[in-house]
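First comes the structure, then the notes that go with it.
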Amino acid sequence: MPKHPWQNALKRLFPEILLDEPMSRYTSFHIGGPADAFLTVHKGGDLERLYAFARDHHVKVTPFGWGSNVLVLDGGVRGVVLRLGGPYARVRFSAEGLVWAGAAVRLPRLVVACAGKGLAGTEPLVGIPGTVGGALVMNAGTREREIGDIVSSVDLFDIEALEPRRLGAAEVRFAYRSSTLDGTLVLGGTLALKAGDRVDIMDRVRRFQKRRLETQPIHTFNVGSTFKNPPGRFAAALIEAAGLKGLAHGGARISPMHANFIENFNGARAADVLALVEAARTAVRAGEGIELELEMKTLGEAASRQA
Ligand SMILES: Cc1cc2nc3c(=O)[nH]c(=O)nc-3n(C[C@H](O)[C@H](O)[C@H](O)COP(=O)(O)OP(=O)(O)OC[C@H]3O[C@@H](n4cnc5c(N)ncnc54)[C@H](O)[C@@H]3O)c2cc1C
């Protein structure tokens, strides 16, 4: 039974919408309570209808990508969780090394498509499992390259005007795992790449992928780095030095392979992950006087005590 009257009204507008949908189905952590509504939008007109409805009914809309950088809390997400599909899952190449990728395109697919066209620049991003939308918002990247380094323009949905809008690279600020795109709805982005030799590019892609396989627990349920690296230090080394590698709480543990990853190894709840976050912060603060800052995002609300 839907809890809010607006849920049924929205279902009439979008019959395919999922109500009270467990978010654990959509996160790489396999954790998360129910979203009041979960909608995948396949055409531009639907965004106008959704955001007009949300404005009129005072319902929050939360954009969502591949769920590979979010801890959805056990009480779930109020309002609508929005995922993009259809035209936003396309990649288009144009002259002079420009590639437009919809927000729903996943980075590994984009990297391989660019390599296939003999375009260099995205290779270090190959092991990042999220979407272009999530990557632009997070300024996802590695030591070698952040996506913000190669952005030429970003397409947004203007929530006030209910229409798409293009921002030039100079209108967006990218910083370490953050950008001024947070809080907007990103529809896609254009990247500026350089022509190169296809075989060399593919070689680099394979090398980046191999390094990741050797150093990160990528076959477990996780969201990549839990914390940002403090200036000049590595969060993983600080947590490991505090003796917390392998520490478990409920069904979650600090990865025995990489101390800045938390793994859901046995039906963990978000509360288990947060307990480990707190343990790591407390230990690193006590040992080194360093305050660890979260890289993963939290979404939604904690479960009530009765839940
Ligand atoms: C095994 C593993 C390895 C990883 N390695 C890396 C790494 O090396 N470097 C790195 O930077 N990250 C890494 N990550 C984290 C993650 O993949 C990236 O942050 C990725 O860019 C998140 O994209 P997503 O689509 O999953 O976003 P989500 O997790 O779905 O969302 C992340 C944030 O972006 C917002 N968002 C998503 N889509 C949109 C949109 N279209 N418009 C507006 N807001 C949006 C969400 O509201 C949320 O706040 C890793 C994750 C895993 C699981």
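The values are calculated or read from the model by the stated rules, or taken from the named source; none is laboratory data. Remember, predicted model here, so these are calculated numbers, not experimental data. Backbone-built Cβ (ideal geometry, glycine too); neighbour counts: all protein chains shown. Ligands, DNA and RNA are stripped out before the accessible areas are found, and what is left, the full protein with its side chains, is counted by its heavy atoms. Shrake-Rupley method; radii C 1.70, N 1.55, O 1.52, S 1.80 Å.
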> Convex hull over the alpha-carbon atoms of the stretch 1-43: what's its volume per residue in Å³?
Replying inline: 71 Å³
> If you add up the charges near ASP46, with Lys and Arg at +1 and Asp and Glu at -1, over every other residue whose beta carbon is less than 12 angstrom from its beta carbon, what do you get?
Replying inline: +1
> If we restrict to alpha carbons, what Rg and Dmax does the chain come to, in Å?
Replying inline: 19.9, 60
> So which GluC sites (Glu not before Pro) in the stretch 136-205 are both in a DSSP loop and have at most 12 other Cβ atoms within 10 Å of their Cβ?
Replying inline: GLU144, GLU160
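Compute the whole-percent fraction of alpha carbon pairs in the stretch 249-307 spaced more than 16 Å apart.
That fraction is 50 percent.
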>> When 1/r is averaged over all different Cα pairs and the result inverted, which Kirkwood radius in Å belongs to the stretch 5-86?
In response: 12.8 Å
> Near the amide H of VAL61, under 5 Å away, which other amide H atoms are found, from residues 5 or more places off or on another chain, if H is placed in the peptide plane?
Replying inline: VAL80
> Between GLY188 and residues 5 or more places away or on another chain, which pairs have amide H atoms under 5 Å apart, with H built 1.01 Å from N, and which residues are they?
Replying inline: ALA103, ASP155
> Residue by residue, what Karplus-based ³J(HN,Hα) values in Hz, rounded to whole numbers, does the stretch 164-178 have, using 6.51, -1.76 and 1.60 with θ = phi - 60° and x for Gly and Pro?
Replying inline: x, 8, 9, 10, x, 4, 5, 8, 10, 9, 10, 9, 4, 6, 7
> What list of ³J(HN,Hα) couplings, whole Hz, do you get for the stretch 264-280 from phi and the Karplus terms 6.51, -1.76, 1.60, once you set θ to phi - 60° and write x for glycine and proline?
Replying inline: 8, 9, 7, x, 5, 9, 4, 4, 5, 5, 5, 5, 6, 4, 5, 4, 5
> What number, in percent, do you get for the relative contact order of the chain if the mean sequence gap of Cα pairs under 8 Å and at least 6 apart is divided by its residue count?
Replying inline: 18 percent
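If eta is 1.567 mPa s and T is 4 °C, what Stokes-Einstein diffusion coefficient results for the stretch 46-153, Kirkwood Rh from Cα pairs, in µm²/s? Write down the numbers at each step before the final one.
Numbers: Rh = 15.3 Å.
The estimated diffusion coefficient comes to 85 µm²/s.
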> Counting Lys and Arg as +1 and Asp and Glu as -1, each charge on the Cβ, what is the dipole of the chain about the Cα centre in debye, to the nearest 20?
Replying inline: 500 debye
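Given the rule -39500 (n - 2.57) for each run of at least 4 DSSP H residues, summed and divided by the residues of the chain, what is its mean residue ellipticity at 222 nm, to the nearest 500 deg cm²/dmol?
Numbers: 7 runs with 84 residues, N = 307.
Result for the chain: -8500 deg cm²/dmol, rounded to the nearest 500.
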> When the accessible area of the chain is split by element with a 1.4 Å probe, what percent falls to carbon and sulfur?
Replying inline: 53 percent
> Which values, in whole Å and largest first, are the semi-axes of the equivalent ellipsoid of the stretch 205-288 obtained as the square root of 5 times each eigenvalue of the Cα gyration tensor?
Replying inline: 21, 18, 9
> Say the cut-off is 25 Å between C-alpha atoms; which of LYS3/LYS60; LYS43/LYS228; LYS11/LYS60; LYS194/LYS297; LYS60/LYS297; LYS43/LYS194 go over it?
Replying inline: LYS43/LYS228; LYS194/LYS297; LYS43/LYS194
> the stretch 85-146 to the stretch 168-222: how many Å between their Cα centroids?
Replying inline: 6 Å
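Rounded to the nearest 5, what % of DSSP beta bridges with both residues in the chain are antiparallel?
Values: 38 of 51 bridges.
Counting only bridges with both partners in the chain, antiparallel ones make up about 75 percent.
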